[in-house]
Structure formats: structure tokens, C-alpha cells
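In what follows, a structure is listed as C-alpha cells, so that the remarks can point back to it.
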Amino acid sequence: ILMSRNTCTFETHNPEETRNLARHLAPRLRRGDVIALEGDLGAGKTTFTQGLAAGLGIEEPVDSPTFTLIKEYEGGRLPLYHMDVYRLNHPTEELGWDEYFYGDGVTLVEWADRIEPMLPGELIRIEVSRHQESDVRKIRIEPPAGETERICGGLGRLDNHET
Ligand code: ADP
Ligand code: MG
């Protein structure tokens, strides 16, 4: 783990390590948190989301909502609203984003930059990036201002190697 003033960065070496990191992030989340998840196709965004759901105590399997735009998972410590807005070329206001963002659960948005104007000001930004063709992923977490300790504090006590 690399801690800078307000981000923490991890390296994972397989999908299970990525899920594990997200599983450890989950207990730190609270209602109204919005995670803006960035990364290329196949980077590991949905894999990360699977670990997050598991960490929230959601037992239902999480898959890619590419064709449904949003999937809601109840039954965990908090509801999880999982969005994939890859197919949205024009962010429209009519979708009622704020009911999710300011709702009772945690919202996670894959390809969040496509709806940047709709996003709330306070975001947990997470970027997953690939190292060449290998299974190594760099995962950079940028908490909202003043929330670094809540989100990053102690997260480094995982098996993930330092970057
Ligand atoms: P995205 O949602 O970003 O398009 P997915 O999570 O659907 O990506 O797919 C990631 C793919 O990469 C999966 O096939 C997964 O098994 C594979 N993979 C290999 N190494 C990793 C890693 N370190 N972390 C996450 N996924 C990995
Ligand atoms: Mg995905």
C-alpha cells in the first residue's frame, strides 16, 4: 500500500485479491456514499463490486449491469445500487440519479465519468488500472476530503503487496 496525503493505492495479482480489498472497504461505508469507479473494459470494476457486495453481507451474486444500467441489491448491511453507465452517451437528468445517490444505500458507478455532471460533489473515487497483459492491477482509492482515515486507515493490513 502507498499512502499519500489523501489517497491509498494497492496492487492486486488476481481477481480474489481485488475482491478481498473491496470486501475490506465495505465495512467503512455508510449510507449515501457514492463510489465513482473508473478503469478500462476488463480492468476489474465488476470484480471489485463483487467483493464490495460480499463485504456488505449481500449474498446474491453480482454481475455486470451493462444492459440494465442499474441493479439494486438488498439484504446486506446497506443496500447496494450498482450502476454501469458505459452505454450512456448523453447523461440525462430524467433517470432520477439523486434518489440513488442520496438514498439509503451505497451507490457504485462503473464508468462514472460518463455521467460526471450528474454525480454528487462528495465522491469516493476508485481507479483500477492494468499493467500490460498481466493480471496485476493497480487500485487507487481517493476518499472525499477529510475522509481519508475512514476509508484508507488500516486498509493496508491486507495481503496485497505494496506498490
Ligand atoms: P470491468 O468491470 O472493469 O470491465 P471485470 O471485473 O468484469 O472488469 O473483469 C475483469 C477480468 O479480469 C475478469 O475476467 C477477471 O477474472 C480478470 N482479472 C485478472 N486479474 C485480475 C485482478 N487482479 N483483479 C481483477 N480482475 C482480474
Ligand atoms: Mg464491469
Next on the checklist: One residue is enough: does segment 89-100 have a residue meeting the conditions β-branched (Val, Ile, Thr) and within 14 Å of ligand 1 (Cβ to nearest atom)?
Outcome noted: no
Item to check | The one condition in (1) under 14 Å from the mean Cα position of the chain (by Cα); (2) within 16 Å of ILE124 (Cβ to Cβ); (3) among the hydroxyl-bearing types (Ser, Thr, Tyr) that TYR100 fails to fulfil | outcome: (1)
Checklist entry - When both residues are 6+ apart or on different chains and their Cβ atoms are under 6 Å apart, which pairs have a first residue that lies in segment 106-130 and is away from ligand 2 (no atom under 13 Å from the Cβ), and a second that is aromatic (Phe, Trp, Tyr)? => result THR107/TYR81; THR107/TYR100; THR107/PHE101; MET118/TRP97; PRO120/PHE101
Next on the checklist: Please count how many residues of segment 130-158 are at pLDDT below 95 and among the β-branched types (Val, Ile, Thr).
Outcome noted: 1
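The values are calculated or read from the model by the stated rules, or taken from the named source; none is laboratory data. Quick caveat: nothing in here was measured; it's all calculated off a predicted structure. Glycine also receives a Cβ, built like all others from the backbone with ideal geometry; neighbour counts cover every protein chain displayed.
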